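Before any comments, here is the structure.
The values are calculated or read from the model by the stated rules, or taken from the named source; none is laboratory data. Only a predicted model underlies this, so the values are computations on that prediction, with no experimental measurement involved. With ideal geometry, Cβ positions are generated from the backbone for all residues, glycine too; neighbour counts draw on all protein chains shown. Quick note on the areas: whole protein, heavy atoms, side chains included, nothing else; ligands and nucleic acids left out. Shrake-Rupley method; radii C 1.70, N 1.55, O 1.52, S 1.80 Å.
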Amino acid sequence: MSTSIETKCLHEGYEPKNGEPRQLPIWQSTTWKYASSDDMGALFDLETEGYFYTRLQNPTNDLAAKKLTALEGGYAGMLTSSGQAANFFAIFNVCEAGDHFIASSSIYGGTYNLFCVTMAKMGIECTFVDQNLSEEELAGFFRPNTKAVFGETITNPVCSVLDIEKFARLAHSHGVPLIVDNTFATPVNCRPIEWGADIVTHSTTKYIDGHAISVGGAIVDSGNFDWMAHADKFPGLTTPDESYHGIVYAERFGKGAYITKATAQLMRDFGCIQSPQNAFYVNAGLESLHVRIQRHCENALKIASFLNAHEKVAWVHYPDLPEDDYHELAKKYLPNGSCGVMCFAVKGGRSRCIEFMDSLKLATIATHVADARTCLLHPASHTHRQLSDEQLTEAGISPDLIRYSVGLENADDLIADLKQALDLI
Ligand SMILES: *Cc1c(COP(=O)(O)O)cnc(C)c1O
């Protein structure tokens with residue numbers, strides 16, 4: 001029906017019929033009623049589609065996920081309680097104890113911790129790699145038990161851009177899927193599936209929600225990865241699931257296998273469901289996403305240019321700046337702009353940076369990013385404080401790095417705020 005991303009934001013997903021509400025209703029119910037025991041039994045056997053318990057599925061969640069799936073150009077999608085849950089499920093759906101996967105070292109601190117510490121306790125090992133290494137160098141990190149490759153389109157917090165095609169080629173030549181966290185770019189600015197990614201994840205907490213209202217996550221599967229062609233690597237998808245009467249997901253559900261397994265097994269057992277109320281906010285956020293993202297990018301470019309030219313600023317990383325190290329990759333993967341997040345440092349090191357941050361009046365210090373109000377934080381003191389100096393360096397985070405997330409305020413007001421704080425130091 002709709003072809004452009006803007007129209008899809010409004011019209012994909014929930015399509016009301018005659019006399020139905022125009023806005024996505026919230027199915028605020030734990031359970032559904034059935035006429036007979038057999039009717040409900042068929043759902044438990046995954047023989048018919050339908051709803052029975054909100055821990056597994058809820059129509060509000062499914063319709064919001066359907067809109068996001070359409071925007072990403074995917075085949076099937078699901079919402080999760082948080083971005084953390086989305087990335088955990090995305091990996092755990094294809095890895096089990098004894099398996100290994102590869103992730104860019106330049107990723108969100110929470111994801112780094114999940115992969116490095118918690119998944120290691122589950123017997124799943126992650127090798128972190130410098131995403132700028134050559135294809136030949138990166139190929140050296142694959143092992144016989146490697147099951148997935150993971151990266152972020154635009155990394156949080158250092159704003160480097162992933163060469164998605166390079167990572168997709170590497171993953172596919174080793175018979176494993178590429179999973180890309182597309183939180184910062186959003187499907188408005190980049191659709192990783194078009195560049196070869198197999199699975200896309202989101203923290204909907206950020207731009208998709210857009211107003212710092214609710215924590216949530218999402219997984220979208222392209223349906224393109226052929227699990228059966230690599231059946232020995234992915235027994236969870238290609239051999240019978242005894243907890244569902246011996247269903248073989250890849251045979252029974254084809255392109256829907258990955259999301260069906262993640263729902264039927266992982267959501268059933270871990271229960272990281274998003275509340276229907278929050279799914280409603282996700283859907284509403286997606287409706288205006290294209291307008292907001294454009295403004296976030298316009299504002300950010302003005303601010304990055306201002307900072308870049310300021311004598312008290314040591315450096316700025318923002319991919320839309322022509323002199324940025326990632327500008328070439330940004331032009332290819334993010335031709336309409338990257339995102340509203342940038343990082344920079346003021347001259348004089350870590351303590352001067354903190355002094356500067358404390359002098360800002362409009363931008364607030366918050367453990368958040370990518371919402372309507374401008375906020376900032378200092379990863380070395382906040383989000384990444386659990387990392388050693390060595391790990392910080394490995395993740396490309398210098399001790400003076402300030403992550404600045406540009407909101408939807410007037411750019412000149414934000415620049416005036418930065419200027420008065422810079423004048424004070
Ligand atoms: C915030 C974030 C996450 C984690 O999401 P939550 O919703 O906070 O659990 C994952 N990836 C990226 C890129 C993020 O920015």
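Here are some notes:
- Placing +1 on the Cβ of every Lys and Arg and -1 on the Cβ of every Asp and Glu, with no other charges, gives segment 353-425 a dipole of roughly 160 debye about its Cα centre.
- Remark: accessible surface ordering of E96, E311 (largest first) is E311, E96, probe radius 1.4 Å.
- Surface per residue (accessible, 1.4 Å probe) for segment 367-425, Å²: 40 Å²
- Distance from segment 109-142 to segment 328-398 (C-alpha centre basis), Å: 22 Å
- Label-reachable residues, segment 102-127, where backbone N falls under 20 Å from a point 7 Å from N145's Cα toward its Cβ: 102-104, 114-127
- Report summary: the helix-based calculation at 222 nm, which adds -39500 (n - 2.57) for every DSSP H run with n ≥ 4 and divides by the residues of the chain, gives -10000 deg cm²/dmol.
- Members of K206/K419; K166/K347; K33/K121 lying beyond 29 Å, as alpha-carbon distances in this model show: K166/K347; K33/K121
- Put simply, the amide H of Y75, placed in the peptide plane, has neighbours under 5 Å in D221, S222, G223, leaving out anything fewer than 5 places away on its chain.
- Rel. contact order, % - alpha carbon contacts under 8 angstrom, at least six apart, segment 326-385: 20 percent
- Against the empirical curve 2.2 N^0.38 Å, the C-alpha radius of gyration of the chain lands at a ratio of 0.99.
- 0 to 90° range, to nearest 10: angle between helix 164-173 axis and the chain longest Cα axis: 40 degrees
- Backbone N under 17 Å from the A309 label point (7 Å along Cα→Cβ), restricted to segment 388-418: 411-418
- For the pair K331 and R373, label points projected 7 Å from Cα toward Cβ lie 3.9 nm apart.
- The listed peptides 134-141, 264-271, ordered by packing as a protection proxy, come out as 264-271, 134-141 (highest mean of other Cβ atoms within 10 Å first).
- With contacts taken as Cα pairs under 8 Å at a separation of at least 6 residues, segment 290-423 carries a relative contact order of 28 percent.
- Given charges at beta-carbon only (K, R positive; D, E negative), |dipole| of segment 12-277 in Debye: 560 debye
- In order along segment 311-320, phi translates into HN-Hα couplings of 5, 8, 9, 6, 6, 9, 10, 8, x, 7 Hz, rounded to whole numbers, per the Karplus curve 6.51 cos²θ - 1.76 cosθ + 1.60 with θ = phi - 60° and x for Gly and Pro.
- Estimated vicinal HN-Hα couplings, Hz - segment 74-81 in sequence order (Karplus 6.51, -1.76, 1.60; Gly, Pro = x): x, 9, 8, x, 8, 9, 10, 5
- Computed from Cα atoms, the angle from the helix 411-424 axis to the main principal axis of the chain rounds to 50 degrees.
- Antiparallel bridges, percent of DSSP beta bridges restricted to segment 12-277 (to nearest 5): 45 percent
- Charged-residue dipole, Cβ positions (Lys, Arg, Asp, Glu), segment 3-128 about Cα centre, Debye nearest 20: 460 debye
- Between helix 349-359 and the chain: long-axis angle, C-alpha atoms, 0 to 90°, nearest 10: 80 degrees
- Residues whose placed amide H lies under 5 Å from that of V341, excluding near-sequence neighbours: V406
- Alpha-carbon centroids, segment 177-195 and segment 1-60: separation in whole Å: 25 Å
- Surface share of carbon and sulfur [accessible, 1.4 angstrom probe, percent] for segment 10-84: 50 percent
- The chain, relative contact order in percent, only Cα pairs under 8 angstrom and at least six apart counted: 17 percent
- Summary of packing: across the peptides 330-341, 21-32, the per-residue average of other C-beta atoms within 10 Å ranks them, highest first, as 330-341, 21-32.
- A cut-off of 5 Å between modelled amide H atoms, ignoring neighbours fewer than 5 places along the same chain, links T205 with G83, G216.
- Segment 209-221 - phi-based ³J(HN,Hα) in whole Hz, Karplus 6.51/-1.76/1.60, Gly and Pro as x: 5, x, 10, 6, 9, 9, 7, x, x, 7, 10, 10, 9
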